[in-house]
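First the structure, in the form of C-alpha cells, and then the observations on it.
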Amino acid sequence: MTTCEDKVARCEALLHHEFQDKLLCLEALQRSGHRLPWNGSLLKVRKNEELAILGDAIMKAHLCEWDVATKALITDKALSEVGAGIGLESCIILNDGTVKVFEKAMASTVEALIGAVFCDAGETAFKKLPETLGLDHEYLQPVSLASLFFP
C-alpha cells in the first residue's frame with residue numbers, strides 16, 4: 001500500500017518541486033476530506049477545492065489572450081490530460097470506494113497543485129510549472145502578479 005508520504009514524494013518528483021510545506025502538497029492531492037495518516041498521526045486534511053480555485057486564478061492571471069488560451073489550456077479536459085501525461089493519478093487520494101480518477105478530479109488536482117506550489121514557494125516556482133507540466137503555449141506569458149495589481 002502506498003503511503004501519503006510516498007504520494008507526496010512522487011508528486012514532488014513529477015513536478016520537479018520539493019515542497020517546504022509537505023502538507024500543502026498533501027492537501028492538493030486530497031479529494032476525500034477524510035483524516036489521513038501522516039508521519040504516525042491521523043491528520044484532518046482539507047479537500048483540494050480552495051487550492052484548485054487559487055491555481056485556476058493564477059493560471060488565468062498569467063494568460064495574455066484570455067479567450068483562445070483559456071479554451072486551449074485550462075479546460076478540464078486539457079488539465080486532465082496534463083495530469084495523466086505526467087502520471088499524477090498514482091498520487092491522488094480518492095474518496096473511499098472510488099477506483100478511477102475521473103477527468104474533473106484530475107483537472108482539479110492539477111489546479112490545486114499549481115495553487116500549492118504558488119503558496120509554498122511563490123511566483124518564481126509557479127513560473128517553472130508550465131514547462132514541467134507540458135502547458136507550454138504561445139499565449140502563456142511570464143507576467144508578474146505584482147504588475148497586475150501595481151501597474
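Just so you know, all these numbers are worked out from the coordinates, no wet-lab data involved. It should be emphasised that the depicted structure is a prediction, and the values quoted were computed from it without experimental measurement.
Shape verdict for the range 84-130, please, from the Cα gyration tensor: rounded (a/c under 1.5), prolate (a/b greater than b/c) or oblate.
Verdict is prolate for the range 84-130.
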| Which lysines have a Cα less than 24 Å from the Cα of Lys60, not counting those fewer than 8 places away in the same chain? | Lys47, Lys71, Lys77, Lys104, Lys127, Lys128
